[in-house]
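Below is one structure, written out as structure tokens; the observations come after it.
Any read-out appearing in this document is the output of simple, stated calculations on the displayed coordinates, not a laboratory observation. Note that the structure is predicted; figures quoted are calculated from it, not measured. Virtual Cβ from ideal backbone geometry, glycine too; neighbours counted across all protein chains shown.
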Amino acid sequence: MPLETAAEPAVRPAEWTGTAMVVVSAVAFGTLSIFAKLAYNDGLGTVQLLAFRFSLAAIGMWALSFAVGQNPLRLSRRQATSLVVVGAVLYTLQAMTYFIALRTLPASLCVLIVYIYPSLVVIAAWLFLGRRVSRWHVGALVASFAGVILLVGGAQFQLGTGLIFAFAAPLMYTTFILISERVMAAVPPVAASAVMMSGTAVVLCVIALIEGQLVLPATPQAWAISVGIAVVPTMIAISLFLAGLPRVGAARASLISTLELVVTVTLAILLLGDRFTLLEAFGGVLVLGAVVVVQAAHLWRPVPLK
């Protein structure tokens, strides 16, 4: 007994600290869609906003990498190339599809549709990686897709560009997760995130330049929103998640991170005036429940990007 009692204080503070970090990270991630909607209302373009977001965030992640002793320049050429390609192609596609969907669809609906990605990861891991799927997982998959059907049906949306991009986003994110899981398996996470985010930033800046959107925000409010989306749901959210992950473990961190969905929906209702019918609300509950089951199932490991 004395030995067990003496050992507890050494473990619990780290766990509580890690839990707090992941909770704050999830809340920060939950503001992403809200910042995007505010930016669009203030006249910012999609690619302009994304280029600004990832450029500032990449700079911040490089600084964080050096601060924690994970120098990205020490990565091998093969590792760095793989990370840049994943960031430049897959993460760019995921970010663009989601932000394009946000232009025409409510933030709450977008985030709920995107959160079918844990279920898609399970399906893809079963089909391509030979991972086991239990009856609980099958039930979660059915609930997830049934929830999305209720969400879309309850909102009475016609098939349009926004809805197509909303469903494309979780497909892109699923591909990103499965590939980056292998790419990031043997590299320092903070340094890897810095390199990957740099690849995303470069490609988005090139696209913004081609489209004539590589310009700085025009008003103080636009500046505040642009800096806010780069700092809160990107730099703060990612750095806190990375810091909390080793303290609480991947499974618990994944489960806590589902708070992001709740935060987004709540803020969308309070700040943006999003409303749910009873049918949509039930669909949202099904999606959230499916996410919790899948995240707690230890079927996949989370990655440090959102």
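Among the listed options (1) 157; (2) 118; (3) 132, the one matching volume of the Cα convex hull per residue in Å³ as calculated from these coordinates is (1).
Just to be sure I understand the rule: take each whole DSSP H helix in the chain, project its Cα atoms onto its long axis, keep it if the span is 18 Å or more and its mean Kyte-Doolittle hydropathy is at least 0.5. Which ones pass?
Values: long enough: 2-29 (41 Å, 0.65); 46-67 (31 Å, 1.44); 92-104 (19 Å, 0.69); 135-155 (30 Å, 1.51); 161-183 (32 Å, 1.33); 189-210 (32 Å, 2.21); 278-295 (26 Å, 2.14).
TM-like helix candidates: 2-29, 46-67, 92-104, 135-155, 161-183, 189-210, 278-295.
Inter-label distance, residue 142 to residue 103: 3.9 nm, where each label sits 7 Å from its Cα along the C-beta direction.
With the simple model of a label 7 Å out from the Cα in the direction of the Cβ, residue 41 to residue 211 spans 2.2 nm. For the chain, the residue among 224, 196, 278 whose Cα projects farthest onto the positive side of the dipole built from Cβ charges is 196. Considering only the Cα atoms of the range 36-95, their convex hull presents on average a projected area of 4.9 nm².
Efficiency by 1/(1 + (r/R0)^6): what FRET value for residue 282 and residue 123, r their Cβ-Cβ distance, R0 = 22 Å, to the nearest 0.05?
Rounded to the nearest 0.05, the efficiency is 0.45.
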